[in-house]
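Trainee: One structure is given below, represented as structure tokens, and several questions about it will come after.
Just so it is clear, none of the values below were taken in a lab; they were calculated from the coordinates. The structure displayed is predicted, hence computed values, not measured ones. Here the Cβ positions follow ideal geometry from the backbone for every residue, glycine too, while neighbour counts run over all protein chains shown.
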């Protein structure tokens, strides 16, 4: 069993739950949050706009009381609204700097609603988490409106908020008014500081968190706060077993990597630290030998893979999309951050920042004239007259992030040695991705379907682990693999990333999209999927891993090549190939990478 | 920025009450004793108390003389030429706490380096510099949470200033420089992305922070955290004497640092260790020796021993090894092996 946090789709524990139960739990979370907002910090609400979300929020608002201010972070504005900033209109009118407080200050002791929390920029997450550290932190309600399972609230933010509630699948009938009232909450608040925590309750919560594989110290701390709030709600002067049970269900369970007891032997504390290999044991029975073999294969691959494959791949991408040539990573004109890239006339505000010197120099020549024409101007008033037309804003460029998706054929037809070589090739390219600070994703297909082994990440150590644990054998459902890749590519495009796709396969599909065997339909499906992938505009590379490719190089079987054509991809036969073809491919790619460098 | 001021005035979790995390605490104390060490990098899981521990450090350090209203952290006897407050003959000298400045992830270059003073520029058209976070961190600590996610050009800039001790501003028609000597402390979670290797070895010390593995310490972590959040004042009072003792120890170490003897054998052992590990350049060796000296000072000994060297070797060298980015063999293990091989049985002092 793999880390459920990487889960794709989202972890759902067992049978579908009763809607009313889900709602009751969400309602209880709202009540506890209202009782102890400081200890519980907030909630992540995985729900798209709708009745359930509105009802929950309305319930919380009623319970928090009128005194608590409510604010909403305007989406898409970056961190600017959170932090104190210059009120430009007032500043110009008054002729002195006037600062407007940020939302983090204004929402102190209140609630800050953050919509679209799964798409927040890093800067915003940073500002929020920093705001949550302070003693006067607002209660943060983050709406996670992700459509795809891998669109999630940043872990750094999620870790700091006690509750994670999913309200998406609720039937309309399940939503009912919350049972507790403001008076209940007030009574509980008054009691809160008198609730004692017996040592065994604390120990139980901590042990529970450890048993679920939760490493962070925040969840058990917040679970303790939840237990205390629950006890206060029921008028108990000490945390009872029931309170601890509810708290661990509400705070700990949604974060569980595994369930306590179920996978006892996997708990990290039972493992010596150096033994961090994944547990999918089946692929590595004679361990030492297999590793030695892998090492040798890796060496062989290293010798024959052209350098800077990825750089060349993505350089090709830019050429195709007509983008400007630049150094690694296509440049994206982001308005808020990055390296300065010129100044133009325009109104600051939102994410456009004022270029002061340019503004002042634009205004300077007009000063005498404006002073004369200004009504009621006292002589000797040296105040600058700055008008709307003078305002200049600064533009920035930030390097666009790049996602490289590796689609690895782990089927039986990619004979086991070739699989090891393919792994070697991916590893080499991972190294390159690391140097370029790209993120990578790993898709493998075998038997009846495809699996996302690793959602997009920059943690390459994890990519390597996932790769090492990849078993081989079974049919060749190429179409399924390419479909997963396409979904990833489309998501990444929406996030504004450049995408590169590397397919390692022999190109001989024998499982169709619907999971049925048969070479004909499977091949047709694969080519259709390949064309679909080409339509995303992602740069792609097909590395032919067929045994034939190893022997004859460029004169390999046609399947992988025609797949490459359908994908509009570059084609490359993996090792063993004649020196001539590799040199040719390397030459082709390095021409591309020269273009990328200058 | 006012938010930050407010956050800092709020009570901080006491350093001595942090459960476990000995490596992190030790590396921070070394940096406090010997600021020339070149910064600390703390990498590890979420929620392991990295930020808490780093922010707590400020509480251990004694206030130092400064000038009221000075934005550059000048010492009264040697103010920065750009600082107008300090050049005023009627200035008031005060004791100021050691600054621990947070650098938020979304910070712009303007805020870090400093920028044209908008107020003056708009009101009078006068060109004046408004100092940024670098100036505020002078003589203190600059803390970057999630340093691995910070934009590269900002990291380059920070490391450059940290190494040179001076912030040189050439922008927006401004041309000036002011001292900015601070200890750079970075933390991050490697799961979310690694730091570029060429930046790694610019940090003096690097430690891995892990979740305590035994349930008893975990319980203690939650217990103390909870107690602190319920009643900060009471918690601080409970820990006041421990905190004071540690502060005193640290202060002694700072005073005694220059008197710690370094034997030639120690320098030689450091050199051999670095050669055995194949670390590039002399920075590693220098850091190793400085860290060993700081540890000796912390323990109140007159000379640094081979044990001191062995104790700091993992944090001083672990991140300087040439490594395959995909190789997961813990670098600390490699250092430990080299320490055992090169230094052999710990020599007596």
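Trainee: On a 0 to 90 degree scale, rounded to 10, what angle separates helix B:306-317 from the longest Cα axis of chain B?
Mentor: 60
Trainee: Could you check which residue among B:17, B:135, B:240 shows the biggest mean-square fluctuation in a GNM of chain B with a 10 Å Cα cutoff?
Mentor: With Cα springs under 10 Å in chain B, the top fluctuation among B:17, B:135, B:240 is at B:240.
Trainee: If we sort B:38-44, B:86-92 on the protection proxy, mean other Cβ atoms within 10 Å, highest first, what's the order?
Mentor: Most protected by this proxy first, the peptides run B:38-44, B:86-92.
Trainee: Quick check on the exposure proxy: order A:356, B:288, A:250 from fewest to most C-beta atoms within 10 angstrom.
Mentor: Listing A:356, B:288, A:250 from fewest to most nearby Cβ atoms yields A:356, A:250, B:288.
Trainee: Going by how many other beta carbons lie within 10 Å of each one, how would you line up A:427, B:229, fewest first?
Mentor: Fewest-to-most Cβ neighbours within 10 Å comes out as B:229, A:427.
Trainee: Inside 10 Å of the C-beta atoms of A:156-168, what's the mean count of C-beta atoms belonging to other chains?
Mentor: So the per-residue partner count for this stretch is 1.
Trainee: Starting from a Cα-only point model with no solvent, please compute log10 I(q)/I(0) by Debye for the stretch B:212-254 at q = 0.14, 0.15, 0.27, 0.29 1/Å.
Mentor: Reported log10 I(q)/I(0), two decimals: -0.47, -0.52, -0.85, -0.88.
Trainee: Classify the stretch B:151-270 as rounded, prolate or oblate, taking a ≥ b ≥ c as the square roots of the eigenvalues of its Cα gyration tensor: rounded when a/c is under 1.5, otherwise prolate if a/b is larger than b/c and oblate if not.
Mentor: Prolate shape, in that a/c is at least 1.5 and a/b is the bigger ratio.
Trainee: Which of rounded, prolate or oblate describes the stretch B:206-289 when judged by the alpha-carbon gyration tensor and an a/c cut-off of 1.5?
Mentor: Note, shape of the stretch B:206-289 comes out oblate.
Trainee: Using a Förster radius of 22 Å, what is the FRET efficiency between residue B:264 and residue B:333 based on their Cβ-Cβ separation? Nearest 0.05, please.
Mentor: 0.15
Trainee: Let me ask something else about it. How high is the FRET efficiency between residue A:389 and residue A:169 when r is their beta carbon distance and R₀ equals 41 Å, given to the nearest 0.05?
Mentor: Result of the calculation: an efficiency of 0.15.
Trainee: Take residue B:213 and residue A:528, extend 7 Å from each Cα along the Cα→Cβ direction, and tell me the distance between the two endpoints in nm.
Mentor: The answer from the label model is 5.2 nm.
Trainee: Same structure, new question: Compute the Rg to Rh ratio over the stretch A:447-540 from the alpha carbon atoms, using the Kirkwood formula for Rh, and round to two decimal places.
Mentor: 0.98
Trainee: Modelling each spin label as a point 7 Å along the Cα-to-Cβ direction, I'd like the residue A:193/residue A:72 distance in nm, to one decimal.
Mentor: Result: 3.5 nm between the two label points.
Trainee: Please compute the average number of Cβ atoms from other chains found within 10 Å of each residue's Cβ in peptide B:222-233.
Mentor: If you average over the peptide's residues, the count of other-chain Cβ atoms is 5.
Trainee: Sequence gap at least 6, Cα distance under 8 Å: using those rules, report the relative contact order of chain B to the nearest whole percent.
Mentor: 21
Trainee: Evaluate the Kirkwood expression for the hydrodynamic radius of the stretch A:11-81, namely the inverse of the mean inverse distance over all pairs of different C-alpha atoms, and round to one decimal in Å.
Mentor: 14.2
Trainee: Next question. Return one number: the angle in degrees, 0 to 90 and rounded to the nearest 10, between the long axis of the Cα atoms of helix B:232-256 and the longest principal axis of the Cα atoms of chain B.
Mentor: Approximately 80 degrees, to the nearest ten.
Trainee: Binned at 20 Å from 0, what are the whole-percent values of the Cα-Cα distance distribution for chain B, short to long?
Mentor: Whole-percent P(r) values from 0 Å outward: 28, 57, 14, 0.
Trainee: Once you place label points 7 Å from the Cα toward the Cβ at residue B:272 and residue A:38, how far apart are they in nm?
Mentor: 5.7
Trainee: Continuing with the same structure: Under the √(5λ) rule applied to the eigenvalues of the Cα gyration tensor, what semi-axes describe the equivalent ellipsoid of the stretch A:130-262? Give them in Å, descending.
Mentor: Rounded to whole Å, the semi-axes are 24, 21, 16.
Trainee: Using 1/(1 + (r/R0)^6) with R0 = 22 angstrom and r between the beta carbons of residue B:283 and residue B:340, what's the FRET efficiency to the nearest 0.05?
Mentor: The formula returns an efficiency of 0.40 here.
Trainee: Now for a separate question. Determine the calculated [θ] at 222 nm for chain B from helices alone, applying -39500 (n - 2.57) to every DSSP H run no shorter than 4 residues and normalising by the residue count; nearest 500 deg cm²/dmol.
Mentor: -14000 deg cm²/dmol
Trainee: A follow-up question, please. Counting only other chains, and only Cβ atoms inside 10 Å, what mean value do you get across the residues of B:214-221?
Mentor: That average works out to 5.
Trainee: While we're here: Sort A:165, A:33 by Cβ crowding within 10 Å, fewest neighbours at the top.
Mentor: The fewest-first ordering by Cβ neighbours comes to A:165, A:33.
Trainee: Could you work out how far helix B:264-277 tilts from the main Cα principal axis of chain B, as a 0 to 90 degree angle to the nearest 10?
Mentor: 90
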